[in-house]
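Engineer: Take a look at the following structure, please.
The values are calculated or read from the model by the stated rules, or taken from the named source; none is laboratory data. Since this is a predicted model, take the numbers as computed values, not measurements. So basically every Cβ, Gly included, is an ideal-geometry build from the backbone, and we count neighbours across all protein chains shown. When the accessible area is computed, the model is the full protein with side chains, heavy atoms only, and any ligands, DNA or RNA have been set aside. Shrake-Rupley method; radii C 1.70, N 1.55, O 1.52, S 1.80 Å.
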Amino acid sequence: GGTRIPIDEVRAIDNIFHGKTGSNLAVYFRSCGAKVTLLTSAQGLIPGFEDGNRLSFTTFDQLVDMMEKEIKIGGYDAIIHSAAPSDYSVDEVFGLMPDGITWKVLNRDCKIPSSYRKLRLEMIPTIKIIDQVRHPWNFSGKLAKFKLEAGLSDEKLIGVATESMHCSKADFIVANCREWYKERAFIIGADGSCVNVRR
């Protein structure tokens, strides 16, 4: 699922993903007899995982910490990284002062008052979590990555996804576009294979 990025003590930036794909994959592989650990942002119990190994996260930092810990304790043959972690985090928040000219850096450790005429968020890129899996976390098993883009032709999507797969040293990547991600996906292998599958 998605990760939240805190703005202040009570506000956060979220995304539209809820962990359905990852949960379905976990339930499927568990039904096949695999021992599965599910890290999810999904709220409530996942059917088939009421008594399973299910760890919940809310924020980006929580997901990073959980993945690093799970990978480093070892024992996994495969990782399927279908989460939708945030690409940016909030670095600073600025509030427009009553003079309408001066911007002040605001304290994010408490609730920012609603009295400011405007707020500006300065955001910086987050780390690519999946790029940590091989190094520095030293996972040597099978690694599957997911890639969602928007507005790309199939040919362009395959090219972007293949490059992304190689950057992460993944064995497979599942790629689709926002416009049709509920209909189909490309499954691309590091061996050069590429299959267009219906969902």
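Engineer: Using a 10 angstrom Cβ neighbour count of at most 15 plus a DSSP loop assignment to flag exposed GluC sites (Glu not before Pro), which longest range of the chain is free of such sites?
Structural biologist: Between exposed loop sites, the widest span is 51-178.
Engineer: Going out from 0 in 10 Å bins, what whole percent of all Cα-Cα distances in the stretch 27-139 drops into each bin?
Structural biologist: Spelled out bin by bin, the stretch 27-139 gives 11, 32, 25, 17, 12, 4, 0 percent.
Engineer: Report the net charge of residues surrounding residue 142, where surrounding means a beta-carbon distance below 12 angstrom and charges are Lys +1, Arg +1, Asp -1, Glu -1.
Structural biologist: Here the charged neighbours net out to +1.
Engineer: Sticking with this structure for a sec: Can you give the translational diffusion coefficient of the chain in µm²/s, computed by Stokes-Einstein from the Kirkwood radius over Cα pairs at 10 °C and 1.306 mPa s?
Structural biologist: For the chosen part, D equals 85 µm²/s.
Engineer: Between residue 101 and residue 128, what FRET efficiency comes out of the Förster formula 1/(1 + (r/R0)^6) with R0 = 30 Å and r the beta carbon distance, rounded to 0.05?
Structural biologist: That gives a FRET efficiency of 0.20.
Engineer: Under unit Cβ charges (Lys, Arg +1; Asp, Glu -1), what dipole magnitude, rounded to 20 debye, does the stretch 98-199 have relative to its Cα centre?
Structural biologist: So the dipole magnitude of the stretch 98-199 works out to roughly 440 debye.
Engineer: With θ set to phi - 60° and the Karplus curve 6.51 cos²θ - 1.76 cosθ + 1.60, what are the ³J(HN,Hα) couplings of the stretch 180-185 in order, to the nearest whole Hz, using x for Gly and Pro?
Structural biologist: Karplus values, whole Hz, x for Gly and Pro: 9, 5, 7, 9, 7, 7.
Engineer: Going toward the positive end of the dipole of the chain, with +1 on Lys and Arg Cβ and -1 on Asp and Glu Cβ, which of 13, 140, 151 do you reach last?
Structural biologist: The residue sitting most towards the positive pole is 151.
Engineer: Still on this structure, I have one more. Looking only at 77, 87, 14, which one moves most when the chain is put into a Gaussian network model with springs between Cα atoms under 10 Å?
Structural biologist: Ranking 77, 87, 14 by mean-square fluctuation puts 77 first.
Engineer: Roll a 1.4 angstrom probe over the protein heavy atoms and tell me the percent of accessible area of the chain that is carbon or sulfur. Kindly include the intermediate steps, with their values, before the conclusion.
Structural biologist: Working: 6320 of 12000 Å².
Here it works out to 53 percent.
Engineer: Could I ask something else about it? Quickly work out the residue 14-to-residue 34 label distance, labels modelled 7 Å from Cα along the C-beta direction, and quote it in nm with one decimal.
Structural biologist: Rounded to a tenth, the inter-label distance reads 2.8 nm.
Engineer: Could you work out which residue, out of 178, 30, 117, moves most in a Gaussian network model of the chain, that is, has the largest mean-square fluctuation with Cα springs under 10 Å?
Structural biologist: 117
Engineer: Amide H to amide H under 5 Å from residue 147: which residues, 5+ apart in sequence or cross-chain, H placed 1.01 Å off N in plane?
Structural biologist: Sorted by chain and number, the residues that satisfy this are 174, 175, 176.
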